[in-house]
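This report concerns only the one structure given below.
The values are calculated or read from the model by the stated rules, or taken from the named source; none is laboratory data. Keep in mind that what you see is a predicted model, and the values were worked out from it rather than measured. When we count neighbours, we look across all protein chains shown, and the Cβ atoms used for this are built from the backbone with ideal geometry, even at glycine. These area figures cover heavy atoms from the full protein model, side chains too; ligands, DNA and RNA do not enter into them. Shrake-Rupley method; radii C 1.70, N 1.55, O 1.52, S 1.80 Å.
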Amino acid sequence: MKEITLQMQELARELLQKGEVNVVLGWEKGTFWYLSPPAFVDKPEDVERLVYDDYCHHNLSKYLMDYRYQEGKVAVFLKGCDSRAFNILLEDNQLEREKYVLIGIPCPGMKDQEKAKEFGVNGDIPLAKKCQECKYPNPLVYDYFLGDKKAADEAAATKEAKAKEYSDVEQMEKMTSDEKYDFWSSQYERCIRCYACRNVCPACNCRECIFDQSRTGWIGKANNASENQFFALTRAMHVAGRCIECGECERACPMHIPIMLLNKKLIKDINELFGEYDAGVKVDGVLPLGHFDKNDPEEFM
Ligand code: SF4
Ligand code: SF4
Ligand code: SF4
């Protein structure tokens, strides 16, 4: 990853020096060794801040939304999940492809930050769960590709061959309705409605979110079990069919709520109802819940 860091810095410097882009979005070292938050570099002399290491979790595509109405181009580094997010933002007509210079980088998987905190810098830190299950570690859209593309494709092929892991969802499906209610109530009782899960999510890209509505009758602002469950279900349904499984919502949640379990349940159901579908893999205007087909299952008709 050190080699890729050097390549990132070199390309960022060149793009900024030539004036081809106004800003480069990447990652830099944060307050702690297990954090590599987003970096926004707009001067060639600052490119050495950029790093690529085991903790570059943040999905950078979401931050492109802040540059939508600005003059000039923006360069952004994309791992597999960032590239799927970029495609979803294109699919949702939130971004214009030509405004962005996409720099793809292969991803070996990011390490679990919580385990890193627990085990320390010399510990044997496993990959984050989302990365253990990731089918697309390589970028699916890019203008430049850093690193060894052939080796990256070979490594990715082994991952893609792996069947999608739904054992946690299947466990949940075996619960009775009361058990499910108790389980999710106990999870969302802890929710503090900080909206970190929404803010970090590339699929949550509405210009005005329902949860920011101040008019009465939309959603209550109270932090209680019933309102929190309504929040959880509404958000899960709003990203259904567009969730690119970056796991950022769950990683950002300060209360460690298993948000991916809800997302994966919906992905599994959509796959069973409409056929295998991975959001953000291509941009073709055919989203399972955003496209009408006369052959769609409609048992209630
Ligand atoms: S989800 Fe995939 S692409 Fe994203 S950080 Fe994990 S391994 Fe890399
Ligand atoms: S719902 Fe979570 S996993 Fe899905 S796209 Fe949003 S942040 Fe990523
Ligand atoms: S990040 Fe966690 S605590 Fe915050 S609103 Fe989302 S689910 Fe609730």
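Give me the dipole magnitude in Debye, nearest 20, for the chain about the Cα centre, with unit charges on the beta carbon: positive for Lys and Arg, negative for Asp and Glu. Let's see the in-between values first.
Values: 40 positive and 51 negative charges, 101 e Å.
Dipole of the chain, to the nearest 20 debye: 480 debye.
What percentage of the solvent-accessible surface of the chain, computed with a 1.4 Å probe over protein heavy atoms, is contributed by carbon and sulfur atoms? Could the numbers behind the result be given before it?
On the way: 8260 of 15620 Å².
Here carbon and sulfur together make up 53 percent of the probe-accessible area.
Given Cα positions, please report Rg to Rh for the chain, the hydrodynamic radius being the Kirkwood one. Please report the intermediate quantities before stating the final value.
Details: Rg = 19.9 Å, Rh = 20.6 Å.
Value, to two decimals: 0.97.
Ordering Trp218, Trp184, Trp33, Trp27 from largest to smallest accessible area (1.4 angstrom probe), what's the sequence? List each step's numbers first, then the result.
Working: Trp218 115, Trp184 35, Trp33 95, Trp27 0 Å².
Sorted descending by solvent-accessible area, the residues read Trp218, Trp33, Trp184, Trp27.
Within the chain, what percent of beta bridges assigned by DSSP are antiparallel, to the nearest 5?
Values: 5 of 15 bridges.
Taking every DSSP beta bridge with both residues in the chain, the antiparallel ones total about 35 percent.
Among DSSP beta bridges whose residues both lie in segment 1-158, state the antiparallel percentage, nearest 5.
Working: 5 of 15 bridges.
So the antiparallel bridges amount to about 35 percent of the total.
Please sort by residue number the trypsin sites (Lys or Arg not before Pro) in segment 252-283 whose DSSP state is loop and whose Cβ has at most 16 other Cβ atoms within 10 Å.
Values: sites: Lys264, Lys265, Lys268, Lys282; in loops: Lys282.
Qualifying residues, ordered by number: Lys282.
For the chain, what does the helix formula give at 222 nm: sum of -39500 (n - 2.57) over DSSP H segments with n ≥ 4, over the residue count, nearest 500 deg cm²/dmol? Don't skip to the answer; put the middle values down first.
Working: 11 runs with 112 residues, N = 301.
That comes out to -11000 deg cm²/dmol.
Give the list, by residue number, of cysteines in the chain with no other Cys Cβ closer than 4.7 Å, or say none.
Here Cys56, Cys107, Cys131, Cys134, Cys191, Cys194, Cys206, Cys209, Cys243, Cys253 come out as lacking a disulfide-compatible partner, given the Cβ-Cβ threshold of under 4.7 Å.
At 1.4 Å probe size, with every protein chain present, just tell me what the per residue accessible area of the chain comes to in Å².
Normalised by residue count, the accessible surface of the chain is 52 Å².
Can you list the GluC sites (Glu not before Pro) in segment 1-83 that are in a DSSP coil and have 11 or fewer other beta carbons within 10 angstrom? Don't skip to the answer; put the middle values down first.
Working: sites: Glu3, Glu10, Glu14, Glu20, Glu28, Glu45, Glu48, Glu71; in loops: Glu20, Glu28, Glu71.
Here the sparse-neighbourhood loop sites are Glu71.
For Cα pairs less than 8 Å apart in space and 6+ apart in sequence, what is the mean separation divided by the residue count of segment 2-161, i.e. the relative contact order in percent?
Working: 279 pairs, mean separation 33.3, N = 160.
Relative contact order here is 21 percent.
Roughly how many debye, to the nearest 20, is the charge dipole of segment 179-301 about its Cα centre, given +1 on each Lys and Arg Cβ, -1 on each Asp and Glu Cβ, and no other charges? Write out the running numbers ahead of the final one.
On the way: 15 positive and 18 negative charges, 118 e Å.
That gives segment 179-301 a dipole magnitude of about 560 debye.
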